[in-house]
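This report refers to the structure that appears directly beneath it.
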Amino acid sequence: MSSLALNTDATSLSPIGIFLHADPVVQVVMVGLLLASIWTWGIIFTFVRKLGRTRHQIARFERDFWKAEDIDAFHRQEGESDLPIAKVFAAGVAEWRRSTAGGQVDRGGTRERLATAMGAAVAGEIDALSDRLNILATVGSVAPFVGLFGTVWGIMRSFTSIAAAQNTSLAVVAPGIAEALFATAIGLFAAIPAVIAYNRFSHGINRIEARLNRFADGFHATLSRQLESEVKR
């Protein structure tokens with residue numbers, strides 16, 4: 001099996017042999033799709049580690065936050081963290097301090113500004129977390145058509161070979177058809193993992209966004225209760 005894969009003879013129909021004897025245009029298509037596939041797998045491995053680590057850190061932060069008795073002390077300890085949930089928390093604390101710094105506090109306006117500040121923080125963190133996810137969507141949608149272009153070009157080459165040799169035997173048309181189908185296979189090899197990964201990672205990011213929003217809502221409720229007690233004093 002391995003000797004077939006490494007065989008450079010075009011008649012053996014090995015991957016290396018098909019590539020080396022393919023038309024230059026089809027070779028460019030194959031190389032481009034292989035590079036796209038390598039790039040896709042690099043993004044997939046990066047996202048798997050990033051999302052897993054982010055979910056674990058968010059769970060730890062939430063657990064520690066709801067156990068904390070002093071929000072100011074917790075903010076001094078965790079407010080400078082780069083975690084998405086810590087950025088949402090810091091945005092809420094910053095807006096709370098700005099809104100309650102004056103002598104008279106507008107409860108309705110403070111609540112609205114708190115919701116806006118933390119909502120903007122959630123949106124910003126999700127945008128940052130989704131970085132390069134669009135590449136998977138692009139590869140998943142474009143790679144099959146790029147492979148199809150190589151397929152069409154290879155079949156055109158087969159018809160040209162038939163016309164030049166005036167012979168319709170399999171030996172004449174097989175190389176062109178083989179490279180055409182190989183280009184299609186590489187296109188699917190790049191596109192299928194990209195589409196699956198895009199859907200899975202989008203689902204994971206949506207779950208993180210929902211968790212950040214739930215935390216923001218809970219923190220907003222906590223600050224609202226504190227606002228009521230501050231105003232009554």
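The values are calculated or read from the model by the stated rules, or taken from the named source; none is laboratory data. What you see is a predicted model, and the numbers here were worked out from it, not measured in a lab. As a convention, Cβ positions derive from the backbone with ideal geometry for all residues, glycine included, and neighbour counts pool all protein chains shown. Each accessible area value is taken on the protein alone, full model and side chains, heavy atoms only, with ligands, DNA and RNA left out. Shrake-Rupley method; radii C 1.70, N 1.55, O 1.52, S 1.80 Å.
Points to keep in mind about this one:
- Calculated FRET efficiency, Thr100 to Asn199, Cβ-Cβ distance, R0 = 41 Å: about 0.40 to the nearest 0.05.
- Separation of alpha-carbon centers, the range 36-67 and the range 83-149, rounded to whole Å: 17 Å
- Share of carbon and sulfur in the accessible heavy-atom surface of the chain [1.4 Å probe, %]: 61 percent
- Computed accessible area, His203, all protein chains, 1.4 angstrom probe, square angstrom: 90 Å²
- Surface per residue (accessible, 1.4 Å probe) for the chain, Å²: 57 Å²
- Here the gap between Ile38 and Leu148, fully extended at 0.36 nm per residue and compared with their Cα-Cα distance, gives a gain of 37.7 nm.
- Inter-label distance for Asn134 and Val28, nm, one decimal - labels placed 7 Å from Cα along Cα-to-Cβ: 2.6 nm
- Compactness of the range 1-158, taken as the C-alpha radius of gyration over 2.2 N^0.38 Å, stands at 1.78.
- Per the Debye formula on identical point scatterers at the alpha carbon atoms of the range 48-136, with no solvent, log10 I(q)/I(0) at q = 0.16, 0.24 Å⁻¹ is -0.73, -1.24.
- For the chain, a simple Cβ point-charge model (Lys and Arg +1, Asp and Glu -1, everything else neutral) yields a dipole of about 560 debye relative to the Cα centre.
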